[in-house]
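The next block holds one structure in the form of structure tokens; read it before the comments.
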Amino acid sequence: MIEFNDVTKVFTNKKQQVMALQNIDLHIQQGDIFGVIGYSGAGKSTLLRLVNALEIPTTGEVLVQGKNLARLSKKELRQEQKKIGMIFQHFNLLQSRNVYENIALPLELEQQSKVDIDRKVKEALAFVNLTDKAQHFPEQLSGGQKQRVGIARALVTNPELLLCDEATSALDPQTTIAILQLLKRVNKVFGITILLITHEMEVIKEICNRVAVMEEGAIIETGQVFDVFAQPKKATTKQFAQMIVRDDVPVVIHELLSANRYQGRVFHFKFLGDSTGKPIISHIAKHYEVDLTILFGNIMEIQSTFFGHLMVEIIGDDVEIAKVLQFAEQSQVNIQEVS
Amino acid sequence: MEISSDILVRALQETLYMVSVSLVFGGIIGIVLGVTLVVTRKGHILENRYVYALLNPIVNVLRSIPFIILLVAIIPLTRLIVGTSIGTTAAIVPLVLHIGPYFSRLVENSLLEVDEGVIEATRAMGATPVQLIIKVLLPEAFGSFVLSLTTVTISLIGATAMAGAIGGGGLGDVAITYGYQRFDTATIVVTVVLLVVIVQIIQSIGNHFERKIRRFN
Ligand SMILES: Nc1ncnc2c1ncn2[C@@H]1O[C@H](COP(=O)(O)OP(=O)(O)O)[C@@H](O)[C@H]1O
Ligand SMILES: [Mg+2]
């Protein structure tokens, strides 16, 4: 669907050069909800704007459905842009138009008939559940409602692809979830491929199937969301993973340990994928001569796969504990002693 | 007071005539120039260094010439366009040249205030530059245009009074020929009061419409 081949983007301002993107290689499949996450200034917006040719790559090529938009004539380009919807952090609705007229704008640009426009706008309004707000002006709407207008406006031309630039970053957590659910429906119901950029892990976790992590204009990790965040390799990826799963040992446990407040030894269990569903703790309790106390825990679902962390105090003699560790290793649970 | 009400009424008509005709032409020139100054800027939809570099100083120069000097300086041009250099119609040429560039700067400012995100969203829809100007830029800036138009109209009224100095007719002419030159204070008072009333009316109308347009913006 979308293909970045060794793309570099350099902005040249007065004397200064900014390398916004470097050597980007990326494939986004039809039907994906593909998330790009990174801190502010990482180059996410630039990456997104290359897809609908709001920016042109300095070197390399971006292909959308096999077409290199940078090579098209202006007229052909406009034709292709109409197949790509876009929504924004600040919604970017026209203040001078009401909700209905805002959604009608892309159709007016195609000079469609009033009848067609009316039908399509009403369909889009119904889809985003804003039929009763058709005559309202943007300033009369809440943030979530404005974004739903933005989504309706992006969908009204039946695009194949939807680009989302921090679409939920200006919204509160509850509204964010509602908008993400709506985007999921867009993907499911219409089969529209979604490419979104964000700095919020919540967004990635909630709806993306694949993810790329960006830092300083480069993609540092990419793959299935679960794989990338269950076992992050780079420091930045780890930081993002920490936002949804706290796998660091709580400071208080360290403090209590150094104060010798625990009877037994403290271990950090990490469950990944398959091992999460197994009754490992109860097995240990039943079959080994040890006592277990769960000190702290955290289990998380990403894309219907679970992973989690437990801090467990094990009381027993060292021989027995060694057996426990061996059993855990066989069960593919990663265990580390906390000291 | 030495003058009859007939003279006053005719002067009033002349003033309104000069103001409205100059407003139409000046308004068109202002919008066209203003839009051009914005869209040919660096990074904008029709970026064009040469057009911008040519128009920008022309507007600046016209804006910096005091109206009373412009009035005299362009007499040959006026004669070329309307066939005469005196009278009400002749006054319209310098009035348009005075007000067009002034309005264009106001238009330019209003257009620059249009949210860049909205422009980006429209570009992403595959809009042509003309569509972007007509469907988005101008309507989004319309509220502040109305205020600018009010300001421009009021300064036009001031300028028509000056045009009276070269026999342009209108209330300013009456004030000078009857009031100032014949020491008729009553006439001066009456014409000034009339001008003040007109300005007040226009300001009120402008504010009213501006509020109406912006109610939901
Ligand atoms: N039009 C531009 N001109 C110059 N520099 C730009 C431009 N757009 C983006 N940049 C620079 O490119 C880098 C990446 O920006 P951006 O893609 O907006 O990052 P993000 O969306 O991840 O915050 C930043 O350093 C930014 O200042
Ligand atoms: Mg950004």
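Summary table below
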quantity	calculated
Cα-based shape type of region A:255-315, given that a ≥ b ≥ c are square roots of the gyration tensor eigenvalues and the cut on a/c is 1.5	oblate
Partners for B:Lys212 among aspartates and glutamates (Cα-Cα distance below 19 Å; same-chain residues under 8 apart left out)	A:Glu101, A:Glu139, B:Glu140
Selection from B:Gly172, A:Asn92, B:Ala124 lying farthest towards where the dipole of the protein assembly as shown points positive, charges on Cβ	B:Gly172
Residue-averaged 222 nm ellipticity for chain A, from DSSP H runs of 4+ at -39500 (n - 2.57), nearest 500	-11000 deg cm²/dmol
Dipole magnitude (debye, nearest 20) for region B:5-216, charges at Cβ of Lys, Arg, Asp, Glu	200
Partner aspartates and glutamates for B:Lys42 [C-alpha distance under 19 Å; skip if fewer than 8 residues away on the same chain]	A:Glu55, B:Glu108, B:Glu113, B:Asp115, B:Glu116, B:Glu120
Nearest-ten-degree value, helix A:318-330 long axis tilted from longest Cα axis of chain A	30
Ranking of A:Val252, B:Val82, A:Val128 by count of other Cβ atoms within 10 Å, fewest first	A:Val252, B:Val82, A:Val128
Sparse-neighbour loop sites [chymotrypsin sites (Phe, Trp or Tyr not before Pro); region B:98-190; at most 13 other C-beta within 10 Å; DSSP]	B:Phe183
Among B:67-75, B:52-60, the order from most to least packed when residues are scored by Cβ within 10 Å on average	B:67-75, B:52-60
Cα-Cα over 28 Å, subset of A:Lys14/B:Lys135; A:Lys9/A:Lys233; A:Lys14/A:Lys83; A:Lys114/A:Lys146	A:Lys14/B:Lys135; A:Lys14/A:Lys83
Label-zone membership for region B:18-33, site B:Asn109, 7 angstrom Cα→C-beta point, backbone N under 18 Å	B:27, B:30-33
Cα long-axis angle, helix A:173-190 against chain A (0 to 90 degrees, to the nearest 10)	70
Dipole moment magnitude, nearest 20 debye, region A:142-215 about Cα centre, only Lys, Arg, Asp, Glu C-beta charged	380
Residue-by-residue Karplus 3J(HN,Hα) for region A:78-92, coefficients 6.51, -1.76, 1.60, Hz, glycine and proline x	4, 4, 5, 4, 5, 8, 10, x, 9, 10, 10, 4, 9, 6, 6
Partner lysines for A:Lys278 [C-alpha distance under 22 Å; skip if fewer than 8 residues away on the same chain]	A:Lys270, A:Lys286, A:Lys323
Ranking of B:Val146, A:Val211 by count of other Cβ atoms within 10 Å, fewest first	B:Val146, A:Val211
Average beta-carbon neighbours from other chains, 10 Å sphere, peptide A:94-103	4
Rounded to 10°, Cα long-axis angle of helix A:99-109 versus longest principal axis of chain A	60
Assigned charges on the beta-carbon of Lys, Arg, Asp, Glu; the protein assembly as shown dipole about Cα centre (debye)	1740
Cα centroid of region B:1-75 to Cα centroid of region A:1-35, whole Å	47
Cut-off under 5 Å, modelled amide H: who pairs with A:Phe88 long-range	A:Asp165
Share, in percent, of DSSP beta bridges within the protein assembly as shown that are antiparallel, nearest 5	70
Neighbour-count ranking [beta-carbon atoms within 10 angstrom, fewest first] of A:Ser73, B:Ser85, A:Ser331	A:Ser73, A:Ser331, B:Ser85
Cα gyration tensor of chain B - equivalent ellipsoid semi-axes, whole Å, descending	38, 21, 11
For region B:41-51, Karplus couplings with θ = phi - 60° (6.51, -1.76, 1.60), whole Hz, Gly/Pro x	4, 4, x, 8, 4, 10, 2, 8, 4, 6, 4
Expected 222 nm ellipticity per residue - DSSP helices of 4 or more, -39500 (n - 2.57), all of chain B, to 500	-25000 deg cm²/dmol
DSSP-assigned coil residues among GluC sites (Glu not before Pro) in region B:81-123, each with at most 15 further Cβ atoms within 10 Å	B:Glu113
Per-residue ³J(HN,Hα) for region A:66-74, Karplus 6.51 cos²θ - 1.76 cosθ + 1.60, θ = phi - 60°, Hz, x for Gly and Pro	x, 9, 8, 4, 5, 8, 7, 6, 4
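A short reminder: the numbers here are calculations on the coordinates, not readings from a lab. Values in this document were obtained by computation on a predicted structure and should not be read as measured data. Backbone-built Cβ (ideal geometry, glycine too); neighbour counts: all protein chains shown.
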